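The values are calculated or read from the model by the stated rules, or taken from the named source; none is laboratory data. As the structure is a prediction and not an experimental result, all values here were calculated from the model. Counting neighbours? That spans all protein chains shown, and the Cβs are built from the backbone with ideal geometry, glycine included. Each accessible area value is taken on the protein alone, full model and side chains, heavy atoms only, with ligands, DNA and RNA left out. Shrake-Rupley method; radii C 1.70, N 1.55, O 1.52, S 1.80 Å.
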Amino acid sequence: LMGFVGFANLPNQVHRKSVRKGFQFTTMVVGESGLGKSTLINTLFNTTLYPPKETLPPSAERPSTVAIESISADIEESGVRLRLTVVDTPGFGDFVNNDESWKPIVENIEARFDSYLEQENRVNRQKIMDNRIHACLYFIQPTGHSLKPIDVECMRQLHTKVNLIPIIAKADTLTDEEVVEFKARILADIAYHNIHIFQAPVYENEDDEAIAEAEEIASKIPFAVVGSDQEVTTPDGRKVRGRAYPWGVVEVDNEDHCDFVKLRQMLVRTYMEELREYTNDVLYENWRTEKLISMGV
Ligand code: GDP
Ligand code: MG
């Protein structure tokens, strides 16, 4: 499972050292209903964790996610153990009142901080489970227009608590030019609304290959992704993960078609350690300080 990713070969020494012990990494997916969040989780884990559509009656869609639920996999690569968890959330639009769709999500993130703080305060701190959210993939509808008010509001509620990584959902519904324009538009909106998204650092003292990899990843944000749990056959006869159209096949794992490979590389390889560090040193620390002050400690 995901052994091809290469997280055991993290680019620099700092990574290798902290990684040797075995570690936990948790990603959360957030966004409107129907944008392909659950499908992308399946695509990330490279397996069908939800019932495939074929087993449902022909007219039925995959049931929409109604509660916050998480899926974990233990991955081992070159002796390095990683417990990867993805937290799926119900989409906005699944609520009667959409004004506060972000509320249960923020509460879930804070409950994870609470649990960590509680473990830190125990006498025996040997076996701390880190279930904090290290990365939050925020799904944006591929409208080609600006961010919706609900997205602005939700991102602003989340950005002080998680590493936000914006994602253009269902990128196969946009042309290449539309993707380029929409990315610029989203970044401009994000800057205008003072939303803080994860900044992928590029380290000068890395080798050239690592710097190139980091710069390329940074240049793809917001990632334009395509998810699929179906195998399809390309016109030249290859079996790939993708989506078939009368005009051709959009391949999930083809970097000329979408940014899925770059997104996965960012999460489980290039920036995993930075995402964990920023969560611990900045996001959790700020939350903890505020919490202790509010308790009068
Ligand atoms: P969620 O509500 O965000 O979890 O969305 P789902 O994963 O349940 O997907 C909703 C619908 O969108 C399903 O019919 C999927 O097959 C479809 N879908 C998922 N990902 C993509 C994608 O990348 N492109 C396109 N065109 N459709 C997608
Ligand atoms: Mg879902």
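The numbered conditions (1) open to solvent by 70 Å² or more (accessible area, probe 1.4 Å); (2) in contact (Cβ under 8 Å) with a residue 24 or more places away in the chain; (3) within 20 Å of the chain's Cα centre (by Cα) are all true for residue 277 except (2).
Any chance the range 28-40 includes a residue that's within 13 Å of ligand 2 (Cβ to nearest atom), at pLDDT below 65 and in contact with a Lys or Arg (Cβ under 8 Å, 6 or more places away or on another chain)?
In the first step, residues of the range 28-40 are kept if they are within 13 Å of ligand 2 (Cβ to nearest atom); the result is 28-40.
Subsequent filtering for residues that are at pLDDT below 65 retains none.
No, the range 28-40 contains no residue that is within 13 Å of ligand 2 (Cβ to nearest atom), at pLDDT below 65 and in contact with a Lys or Arg (Cβ under 8 Å, 6 or more places away or on another chain).
All conditions but one from (1) open to solvent by 30 Å² or more (accessible area, probe 1.4 Å); (2) under 25 Å from residue 271 (Cβ atoms) apply to residue 163; the one that does not is (1).
The set of residues in the range 225-251 being of a type in the set (Gly, Ala, Ser) and under 21 Å from residue 264 (Cα atoms) consists of 227, 228, 242.
Of 229, 259, which residue is within 16 Å of ligand 2 (Cβ to nearest atom), among the acidic types (Asp, Glu) and touching a Phe, Trp or Tyr at 6+ places or on another chain (Cβ under 9 Å)? I'd like the intermediate steps shown before the answer.
On the way: 259 fails: within 16 Å of ligand 2 (Cβ to nearest atom).
Going through 229, 259 in turn, just one is within 16 Å of ligand 2 (Cβ to nearest atom), among the acidic types (Asp, Glu) and touching a Phe, Trp or Tyr at 6+ places or on another chain (Cβ under 9 Å): 229.
Can you find, within the range 251-266, the residue that is nearest to residue 183 (Cα to Cα) among those that are among the hydrophobic types (A, V, I, L, M, F, W, C) and buried (at least 21 other Cβ atoms within 10 Å of the Cβ)? Among those residues, the one meeting the criterion is 258. Which numbered condition in (1) within 18 Å of residue 278 (Cα to Cα); (2) open to solvent by less than 50 Å² (accessible area, probe 1.4 Å) is the only one that residue 114 fails? Every condition holds for residue 114 apart from (2). Looking at the range 226-237, is at least one residue modelled with pLDDT of 95 or more, open to solvent by 20 Å² or more (accessible area, probe 1.4 Å), under 19 Å from the mean Cα position of the chain (by Cα) and not small (Gly, Ala, Ser)? Checking the range 226-237: not a single residue is modelled with pLDDT of 95 or more, open to solvent by 20 Å² or more (accessible area, probe 1.4 Å), under 19 Å from the mean Cα position of the chain (by Cα) and not small (Gly, Ala, Ser). All conditions but one from (1) part of a helix (DSSP H, G or I); (2) more than 21 Å from residue 181 (Cβ to Cβ); (3) within 15 Å of the chain's Cα centre (by Cα); (4) of a type outside the set (Asp, Glu) apply to residue 150; the one that does not is (3).
Could you tell me how many of the residues in the range 73-99 are modelled with pLDDT under 85 and among the hydroxyl-bearing types (Ser, Thr, Tyr)? Even if it seems obvious, please write down each step before you answer.
Let us first name the residues in the range 73-99 that are modelled with pLDDT under 85, namely 73-82, 90-99.
Restricting the remaining residues to those that are among the hydroxyl-bearing types (Ser, Thr, Tyr) gives 78.
Of the residues in that region, 1 qualify.
When residue 127 is tested against (1) surrounded by fewer than 16 Cβ atoms within 10 Å (Cβ to Cβ); (2) closer than 22 Å to residue 27 by Cβ, just one condition goes unmet, and that condition is (2). Answer yes if at least one residue in the range 199-214 is within 18 Å of the chain's Cα centre (by Cα), in contact (Cβ under 8 Å) with a residue 24 or more places away in the chain, over 14 Å from residue 271 (Cα atoms) and open to solvent by 20 Å² or more (accessible area, probe 1.4 Å), and no otherwise. No; the residues of the range 199-214 include none that is within 18 Å of the chain's Cα centre (by Cα), in contact (Cβ under 8 Å) with a residue 24 or more places away in the chain, over 14 Å from residue 271 (Cα atoms) and open to solvent by 20 Å² or more (accessible area, probe 1.4 Å).
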